[in-house]
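> The structure follows.
Laboratory data are not the source of any read-out in this text; all were calculated from the coordinates shown. Only a predicted model underlies this, so the values are computations on that prediction, with no experimental measurement involved. In this analysis, Cβ positions are derived from the backbone assuming ideal geometry, glycine residues included, and neighbour counts consider all displayed protein chains.
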Amino acid sequence: MITTSQWPGSSAPSGRAGPTSAGGGSPWRRALPRLERLESPVTTYYLLLSATAMLVIIGLVMVLSASSVTSYQATNSSFTVFFNQLRYAVVGVIGAFVASRLSVTTWKRLSVPLLVVAISLQALVFVPSLGVRVNGNRNWIHIAGQQVQPSEFAKVALVLFGAAVLTKKRRNLGKFMHVAIPLVFPAGGLLLLLVLGGGDLGTGLVLLAILAGMLFVAGVPARMFFVAGAGSAVLAATMALTSANRMGRIHSWLAGCTDPTKCFQTIHGQYALADGGWWGVGLGASREKWSWLPEAHNDFIFAIIGEELGLPGTLVIIALFGLLAFACYRLVLRSDDFFVRVATGGVMVWVLAQAAINIGSVIGLLPVIGVPLPLVSSGGSALMATLFALGMLLSFARNEPGCREALAARPGVVRRSLAVMATRRGRRS
């Protein structure tokens, strides 16, 4: 923490006074309380909590708006999709609350069991009586009347197992086999093959990004990234070349839209953003959601945000993801636990990579890959898994020095402490 003796314009140990102004002290000194609040032990915790809550709330509002028309056409109610998303959000918040109360030791112990459960569930998508094909991808299972996408929960398992392995192998990270054998091939590789076997290239790319993010935070040598990058490129190219649908999307992205039937979704996503212009057409007033834009409440919800809320609405979404990234970055820097740093890096790359892929697809910087916008798009499995992962980060943030004690303090005690600090600063000035 920066102290007044170290800050420009403050009183030096020799007693020389810094520059003052008629406003009652140096501008540096007046800014100091705000900087000290940023260095509070609860800053990371509240940044994570506030950014997550805002994204979920905005997501619920926009899911209601974007799905109202198609939901009414299908069920005679404009609220069916919204109520489903709200139910999943409540379950996800409960899961995040439970996750935020678990200790780091518990998370380490859960890494292997969760991986085994994730691989088992992902394998069930190939069982004829359980597996469900959605939009050409066989990545869903139907259990107890509910449709679940196990690959979303596999991301959490991969983060925990990867962090546990890299923590155990931290003294041998420079040796390729010590990293590749336990992490890349049997764990990440098996999950990746199961996901790609179902045809879900978007989720496969996110899993690869999670692995890369954890390896980077762990500090593995650059040569491993070249090997992993080459292997990932070959795998992605193979998946693209073996699918006429994917090749059509890539061709439309590179060469422009020559066949509207192959880029209908992209065209209408950009129409939505263009119609929104600077300030948007107003919340609920979207035209593209009237059955023009497919998956308006799911993969292309960012286009509806741009159409209804304009440029400010899209910038708010991007800023909230930036705030989430900043909170994760703070947690990585401030934690002394190697496991916490690696796991946080994995979740951060997961959320940011998925958001970048989704937004890039909507605005035309990337071909349409088909991944939801984290915490915002409609989708129960994705929402619950992401909230659970962010709940885990909240539990890590609670273990920052002084955070647990500050959160447990009574509000009156906190107010009196802040009043004492303000009085002391006034006396020093």
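> Sorting Phe388, Phe126 on the 10 Å Cβ count, fewest up front, what's the list?
Values: Phe388 22, Phe126 13.
Sorted ascending by nearby Cβ count, the order is Phe126, Phe388.
> Shifting gears a bit: Return the inverse of the average 1/r over all pairs of distinct C-alpha atoms in segment 117-162, which is the Kirkwood hydrodynamic radius, in Å to one decimal.
Values: mean 1/r = 0.0926 Å⁻¹.
Averaging 1/r across every pair of different Cα atoms and inverting gives 10.8 Å.
> Okay, next question. What is the order of Phe83, Phe321, Phe161, fewest Cβ neighbours within 10 Å to most? Write down the numbers at each step before the final one.
Numbers: Phe83 12, Phe321 22, Phe161 27.
The most exposed by this proxy come first: Phe83, Phe321, Phe161.
> Over the Cα atoms of segment 42-400, how large are the radius of gyration and the largest Cα-Cα distance (Dmax), in Å?
20.0, 61
> Another one. Quick one: Karplus J couplings for segment 201-209, per residue in order, coefficients 6.51, -1.76, 1.60, θ = phi - 60°, nearest Hz, x for Gly and Pro?
Coupling constants for segment 201-209: 5, x, 5, x, 5, 5, 4, 5, 5 Hz.
> Let me ask you something else. Among Val349, Val376, Val206, Val116, what is the fewest-to-most ranking by other Cβ atoms within 10 Å?
Values: Val349 22, Val376 29, Val206 25, Val116 11.
Fewest to most other Cβ atoms nearby, the residues stand as Val116, Val349, Val206, Val376.
> When the Cα centres of segment 304-350 and segment 113-147 are compared, how far apart do they sit, in Å?
Using only Cα atoms, the two centres lie 29 Å from each other.
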